[in-house]
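In what follows, a structure is listed as structure tokens, so that the remarks can point back to it.
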Amino acid sequence: MRPLMQVLVMLFCATPLLAQQRIEVRRAATRDVYVRVNGAYARVKVTAWSRDSVALVADLPTGTRLEPAVPGPKDPPAKGMKFYIEGPEGGGAATGSVELFVPAGATVWTKAANARMEVNGVTGGLDLNLVGGSIVVTGNPSNLNIESMDGTVSVTGSPQWMRVKTASGDVTLRGSSPDAGITTVGGAVSIADGTFERLRIESITGAVTFAAHMGRAGNLVVDSHSGTIDLQLDQKASLDLDATTIAGTILNNVNARRPTPGREGRGEELSLGLGIGDARVTLRSFKGNIRLSRR
Amino acid sequence: MTEHLAASVLNDLQDDLLPRDKRRDAEQHLEQCESCAAQLANLRALLSVARSLPAELSAPAGSWDEVRARIAHQQTRPLRRRWAISPSLAAAAALALVVASSTVTMLVMRRPEPMTASQPVLLPAAWQASEQGYLTTVEGLLQQLHEQRSQLAPATVATVEQALATIDEAIGEARAALARDPANAALTDLLASNYRQKVELLRRATRLSAS
Ligand SMILES: [Zn+2]
């Protein structure tokens, strides 16, 4: 850590500092501290560590202001901290970079316009908000909420609860979750590797690929307007499946059952059971195609 | 007394990110709860920046669930499939003229015009109230977004408008199909999903433009 003086000046100055270099702030914090990082930056990297403190290291261009809201150095461990980064007046795209170290059980909230957000090892909560760029989460957060427009989202791990919403950003999930929801307008959604209990995916035009496992009594619902729904089942899949299209086709490569024409002769419908059928799968598409296969 | 306010709620309140209804709930709780009020005071004391309050609007919570519930209530014969809801809307037989919702594109930059019946489509009566509620919500969110548009980068505005156009096209197709086949349960779900997408997208855009 850099000398304490700089931190003290930053903290006790009523007017925010003009930062022209690396800024470092470190404070004792509770294990479930709530931390917010908001404003103009191009990169934020959040890493969980085993210490009971929060450290922020920021490399910010001239004219950028860091406005920290943190307790004094002699105060008891903080339950909450905030960092607001304001770009230079009339400045173009943000270029600053922020590295944040938090106790693993922390809850971290970030928001930026165009940035790369990367989070590793946090087991508390994550609330990540972005317009464009990318979000990469690795680990097993208890709560994971991601909102993005263009930005791509990649999650590797097992969030207990997760919600991801994008406009055109692709969403890739490698792992498991007992309770997950993914919503996208045009992004491609790809799910693989783990086991899911409750999973709901909604897309308008984005293609959806599910190549993971549904747990016992699991429930998967996929709704898409025109995106292709591609369900790749494992050999042990045990589920009851209903697929419906209003105008698209259904291709079944899992067993011999053939889809039947839909209501009023448009679209197709298919119901099938595999194994003892303890999980439920519902696939609905307006005019996209649905494809079922074994992997 | 209800549960204590979560850290995220206290922070959202402090950062002016709470929708109006949630803010009202939080403020009511704070009036009665010294512990939460003290936490918020701490938060305020920590803050070095005060920011202006953007107006926030909220969607009618659960309105689609209500529609589904109403349709399910009208069901008179056994379900053919376990998941399917089989609305005997023919029995209700009431079809109502509902305004179309495709007047959205480009409204982020321009001042939103009142929703007009530019594309009348007949939808089941059970949908009418909820669709109207949805239209009101969308209009409110568009208005808010319009007011905040100076805080959105042009590229973001373009992204939002393109996504809205995509959703509107899907809504138009699903509505037309549902008008032809009002008892189609899958269509009901798909249309509701499209609507949720639209409200969600607009909410996201307003949250992103609120500093
Ligand atoms: Zn309380």
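Couplings 3J(HN,Hα) of the stretch B:14-25, computed from phi: 5, 8, 6, 10, 7, x, 4, 5, 5, 5, 4, 4 Hz, in residue order, whole Hz [Karplus 6.51 cos²θ - 1.76 cosθ + 1.60, θ = phi - 60°; x for Gly and Pro]. The 3J(HN,Hα) values that the Karplus relation (6.51, -1.76, 1.60; θ = phi - 60°) gives for the stretch B:196-204 are, in residue order, 4, 4, 5, 4, 4, 4, 5, 4, 4 Hz. Gly and Pro appear as x.
A Förster radius of 45 Å combined with the Cβ-Cβ distance from residue A:266 to residue A:236 puts the calculated FRET efficiency at roughly 0.85. Buried accessible surface for the B/A chain pair comes to about 4100 Å², total over both chains, computed with a 1.4 Å probe. Would you mind classifying chain A by shape? Square roots of the alpha carbon gyration tensor eigenvalues, ordered a ≥ b ≥ c; an a/c under 1.5 is rounded, otherwise it is prolate if a/b is larger than b/c and oblate if not. Note, shape of chain A comes out prolate. In this structure, the amide hydrogen of residue A:162, modeled 1.01 Å from its nitrogen in the peptide plane, lies closer than 5 angstrom to those of A:144, A:179, A:180, A:181, counting only residues at least 5 positions away or on a different chain. So which of A:79/B:22; A:45/A:165; A:79/B:198; A:287/B:22; A:45/A:287; A:45/A:79 end up more than 32 Å apart, counting from Cα to Cα? Beyond 32 Å: A:79/B:198; A:287/B:22; A:45/A:287.
Annotation: amide H-H contacts under 5 Å for residue A:228 (H modelled 1.01 Å from N, sequence separation of 5 or more, or interchain): A:207, A:208, A:289.
Considering only DSSP states other than H, G, I, E and B, which trypsin sites (Lys or Arg not before Pro) in the stretch A:61-96 qualify as loop sites with at most 11 other Cβ atoms within 10 Å? Here the trypsin sites (Lys or Arg not before Pro) that fit, given the DSSP loop and packing criteria, are A:74. Taking a ≥ b ≥ c as the square roots of the Cα gyration tensor eigenvalues, the stretch A:44-139 comes out oblate, since a/c reaches at least 1.5 and a/b does not exceed b/c.
Per-residue Karplus couplings for the stretch A:67-80, computed as 6.51 cos²θ - 1.76 cosθ + 1.60 with θ equal to phi - 60°, are listed in order as 10, x, 10, 9, x, x, x, 9, 6, x, x, 6, 8, x Hz, Gly and Pro entered as x. Compared with the rule-of-thumb size 2.2 N^0.38 Å for a compact globular protein, the stretch A:168-238 has a Cα radius of gyration ratio of 1.01. For residue A:267, the residues 5 or more places off, or on other chains, whose built amide H falls under 5 Å of its own are A:262. The residue B:16 and residue A:62 beta-carbon pair, evaluated with R₀ = 25 Å, returns a calculated FRET efficiency of approximately 0.30.
The values are calculated or read from the model by the stated rules, or taken from the named source; none is laboratory data. Model, not experiment: these values are computed from the prediction. Cβ: placed from backbone, ideal geometry, glycine included. Neighbour counts: every protein chain shown. To get the accessible areas, we keep the full protein, side chains included, count just its heavy atoms, and leave off ligands, DNA and RNA. Shrake-Rupley method; radii C 1.70, N 1.55, O 1.52, S 1.80 Å.
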